[in-house]
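Take a look at the structure set out below.
The values are calculated or read from the model by the stated rules, or taken from the named source; none is laboratory data. Remember, it's a predicted structure, so these values are computed and weren't measured experimentally. FYI the Cβ positions are ideal-geometry reconstructions off the backbone, even for glycines, and counts take in every protein chain you see. What goes into the accessible areas is simple: the full protein's heavy atoms, side chains included, and nothing from ligands, DNA or RNA. Shrake-Rupley method; radii C 1.70, N 1.55, O 1.52, S 1.80 Å.
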Amino acid sequence: MSTKNLYSEEAKEKIKELAVGIDFAIMVTKLGNKPSHMVPMSTKKVDDNGDIWFLSGKDSHHNSNLAIDNDMHLLYADKSAMRFLNVYGKGFISTDINMIKELYQSSDDAWFEGVNDPNLTAIRVQPLHAFYWDPKDNKLVTLLKMGVAAVTGKEPDLMNEGELRV
């Protein structure tokens, strides 16, 4: 693996590329408790500050947890493309109707009663520490390198990895 730490604008772009591209994250709250609370969430947007946005129910466990302690973790994994993103940050609950309207899609009707649902909130996650793993090459080349490594016994250099500092 090659380490390639990214800073500022490059870090924001990598967070956006991975979070939006992978879409679903495991959102972890109650980090100081055992067990922590985990729930799959669909990424709605990554803004120009690198903040990651989700829609959520006001009465959800994760909203309740964030109201007590807003430390949280997001875990993204796309094993088929071998792309991963790990984000630790602070979560903030928003009832800003303009942001909710921006984030809302018709597919959200499965969980909410439209954009004006009184239970609907947005969660903004401000990344404080992030780490990524991303293949250097396309899937075919990566698989070929893995096959060569299996035959030769030499560890392949398949991935870029690094910290993302927004």
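Only residues that are in contact with a strand residue (DSSP E or B) (Cβ under 9 Å, 6 or more places away or on another chain) and among the basic types (Lys, Arg) were counted in region 94-124, giving 1.
Considering only residues that are acidic (Asp, Glu) and not in a helix (DSSP H, G or I), look in region 104-129 and name the one that is most open to solvent (accessible area, probe 1.4 Å). Filtering first and then ranking leaves 113. Here is a check on your reading of the model: is residue 101 part of a helix (DSSP H, G or I) and surrounded by 18 or more Cβ atoms within 10 Å (Cβ to Cβ)? In short, no. Listed conditions (1) in contact (Cβ under 8 Å) with a residue 24 or more places away in the chain; (2) loosely packed, with under 14 Cβ neighbours inside 10 Å; (3) outside any strand (DSSP E or B) are all met by residue 15, apart from (2).
The residues of region 18-64 that are open to solvent by less than 40 Å² (accessible area, probe 1.4 Å), outside any loop (DSSP other than H, G, I, E, B), β-branched (Val, Ile, Thr) and out of contact with any His (no Cβ under 7 Å at 6 or more places or on another chain), listed by number, are 22, 46, 52. Whenever a residue of region 109-135 is basic (Lys, Arg) and modelled with pLDDT of 95 or more, its partners that are assigned to a strand (DSSP E or B) and surrounded by fewer than 19 Cβ atoms within 10 Å (Cβ to Cβ), lying with C-beta atoms within less than 9 angstrom and at least six residues away or across chains, give the pairs 124/90; 124/92; 124/93; 124/94. Within region 4-56, the residues that satisfy the criterion of being among the polar types (S, T, N, Q) and under 25 Å from residue 68 (Cβ atoms) are 29, 33, 36, 42, 43, 49, 56. Kindly provide the set of residues from region 23-35 that are over 18 Å from residue 92 (Cα atoms) and over 11 Å from the mean Cα position of the chain (by Cα), ordered by number. Correct list: 33, 34, 35. The listed residues are 139, 101, 58, 90, and the only one of them that is at pLDDT below 95 and of a type in the set (D, E, K, R) turns out to be 139.
Residues considered: 80, 2, 8. Of these, the only one that is over 18 Å from the mean Cα position of the chain (by Cα), among the hydroxyl-bearing types (Ser, Thr, Tyr) and modelled with pLDDT under 95 is 2. Surrounded by 14 or more Cβ atoms within 10 Å (Cβ to Cβ) and of a type in the set (A, V, I, L, M), is that true of residue 67? When the stated conditions are applied, residue 67 does not pass them.
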